[in-house]
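**Student:** Before I ask anything, let me first share the structure, which is written out below as structure tokens.
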Amino acid sequence: MAIPTVRGRFVWHELMTTDTESAGAFYTKVVGWTKQTWDQDASYQMFATSGVPMAGYLTLPEGAPQMGASPHWLSYVGTPDVDATARYAEQLGATVLKSPSDIPGAGRFSVIRDPQGAVFSAFTPNQAPPGDGKPTLGDFSWHELTTTDWEAAFDFYRRLFGWEKTDSMDMGPMGTYQMYGWQGTTLGGMFNGSKSTGAPPSWLPYVLVPDARRAAEAAQALGGRILHGPMQPPGGDWIATCMDPQGTMFAVHSLKPAVAEAAPAAPKKKAAPKKKKAAPKKKKAAPKKRKAAPKKKAAPKKKKAAPKKKKAAARRKR
């Protein structure tokens, strides 16, 4: 059954690698994911956060490296009808690398290369993806397309998935960084890559982590490389682009520090009332001086002595 609300959403991600054991150990330490197997096929391994599957990982098909396919992350974009999407993509100048096929218990997918050369997957799930599409820790929060003609690429994806332009940023000599979205939610950005690098058009997924700087340091310590960053783009968040030990590019993203660090500092103000409680102690001490005042009653004793003089005077008269 078609699910209309799935159109244009990034609904799954898959790591194609040459060493699943090494990749599994690497990403669990860098991102904080845990590993688990798919309950419908134990041979399919997944990364998860708090028991919720976030991505799958598997070995590159035999012969793929010889055909020029290198380790990479493959992003799945939702569509109500993958067969119709694959046909339309071809009409728009794309190449269908894998015809629509069923994934038992999950849905139906197709692998497509867009007119500029970036590869992605169109996917029709059996069930609507959970949540509202807003990323949480461990989820993929941004999707960046490096291409040769971002305007033509945007037009392709707009027709295929209904994406819309949101904001844009002038990068000077590097041109425009165009952001795009889906039903009011910004999903990522696209720009023209530098011709000097010789890198082919590709999609780069960003994983939301607690601290992008620490994640990048961990990636480097575990045999990976830091390609760009860590740095703060406009807005204050932190990002870093890395490469895992098998040669797969990925990026990490964390929210701006002000959001996370301002909250713990607030409770320190609770210490102030302790000084005010100490003030009443001085007032309680004051009544002690007032109790000493009644000692003045001893004065009348001197007045009683006066009559003695009168008695002595009377004796003299006699």
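None of the figures in this text is laboratory data; all of them are computed from the coordinates on show. Just so it is clear, the model here is predicted, and its values are computed rather than measured. Don't worry about glycine lacking a Cβ; one is built from the backbone with ideal geometry, like all the others, and counts go over all protein chains shown.
**Student:** Once you order the gyration tensor axes a ≥ b ≥ c over the Cα atoms, which shape class does the range 4-264 get: rounded for a/c under 1.5, otherwise prolate or oblate by comparing a/b with b/c?
**Tutor:** rounded
**Student:** Would you please give the residues with an amide H less than 5 Å from that of Arg9, counting only those at least 5 places away or on a separate chain, with H modeled from the backbone geometry?
**Tutor:** Residues meeting the criterion, in which the H sits 1.01 Å from N, are Gly78.
**Student:** Right, another one. Can you sort Leu160, Leu15, Leu97, Leu74 so the residue with the fewest Cβ neighbours within 10 Å comes first?
**Tutor:** Listed from fewest to most nearby Cβ atoms, that is Leu97, Leu74, Leu160, Leu15.
**Student:** Using a 10 Å cut-off around each Cβ, can you sort Ser22, Ser254 from fewest to most neighbouring Cβ atoms?
**Tutor:** Ser22, Ser254
**Student:** Restrict the search to the range 143-198; then list the trypsin sites (Lys or Arg not before Pro) that DSSP places in a loop and that have at most 15 other Cβ atoms within 10 Å of their Cβ.
**Tutor:** Qualifying residues, ordered by number: Lys195.
**Student:** Taking 32 Å as the cut-off for C-alpha to C-alpha distance, list the pairs among Lys29/Lys134; Lys29/Lys195; Lys35/Lys134; Lys165/Lys256 that go past it.
**Tutor:** Lys29/Lys195
**Student:** Can you tell me how much longer the chain between Lys256 and Arg225 gets when fully stretched, taken as 0.36 nm per residue apart minus their C-alpha distance, in nm with one decimal?
**Tutor:** Here the segment from Lys256 to Arg225 would lengthen by 8.9 nm.
**Student:** Can you list residues from other chains, or at least 5 along the same chain, whose modelled amide H is less than 5 Å from the amide H of Thr18?
**Tutor:** Leu60
**Student:** At a Förster radius of 30 Å, what calculated FRET efficiency corresponds to the Cβ-Cβ distance of Gln232 and Trp38, to the nearest 0.05?
**Tutor:** E(calc), rounded to 0.05, equals 0.20.
**Student:** Ranked by Cβ crowding within 10 angstrom, fewest neighbours first, how are Glu217, Glu90 ordered?
**Tutor:** Glu90, Glu217
**Student:** For the range 26-31, in order, what is each residue's ³J(HN,Hα) by Karplus, 6.51 cos²θ - 1.76 cosθ + 1.60 with θ = phi - 60°, in whole Hz (x at glycine and Pro)?
**Tutor:** So the Karplus estimates, Gly and Pro as x, are 5, 6, 5, 7, 6, 8 Hz.
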